[in-house]
1. So which of 56, 85 is under 14 Å from the mean Cα position of the chain (by Cα), closer than 15 Å to residue 37 by Cα and in contact (Cβ under 8 Å) with a residue 12 or more places away in the chain?
2. Of all residues in the range 30-54, which are in contact with a helix residue (DSSP H, G or I) (Cβ under 8 Å, 6 or more places away or on another chain) and assigned to a loop (DSSP other than H, G, I, E, B)?
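The values are calculated or read from the model by the stated rules, or taken from the named source; none is laboratory data. Since the model is a prediction, treat every value here as computed from it, not as a measurement. Glycine also receives a Cβ, built like all others from the backbone with ideal geometry; neighbour counts cover every protein chain displayed.
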């Protein structure tokens, strides 16, 4: 995947667009998987907030919107997101 920059919001927009294009998205179930993988439980939070919560306190509580993630952690979050997408798509079939 190639994006113009490493902003987390750009990564999120790309993945969300990818998920809405096909009928059977290869990322079906990603939100629940991410919640269990990171939080240890299912959550109604969008996967973006769950991933962002690893670097930005207050995100899951709604204290800070995803649009205002500090620039210094955006690259780390984008890298983490790519790693998690790779892990999710390469996991053994259930």
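1. Result of the check over 56, 85: 85.
2. Across the range 30-54, the qualifying residues are 41, 42, 43, 45, 46, 53, 54.
For every residue, the table says whether it meets (1) touching a strand residue (DSSP E or B) at 6+ places or on another chain (Cβ under 6 Å); (2) surrounded by 10 or more Cβ atoms within 10 Å (Cβ to Cβ); (3) modelled with pLDDT of 75 or more; (4) not in a loop (DSSP other than H, G, I, E, B).
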{"site": "2", "(1), (2), (3), (4)": "no, no, no, no"}
{"site": "11", "(1), (2), (3), (4)": "no, yes, no, yes"}
{"site": "56", "(1), (2), (3), (4)": "no, yes, yes, no"}
{"site": "84", "(1), (2), (3), (4)": "no, yes, yes, yes"}
{"site": "88", "(1), (2), (3), (4)": "no, yes, yes, yes"}
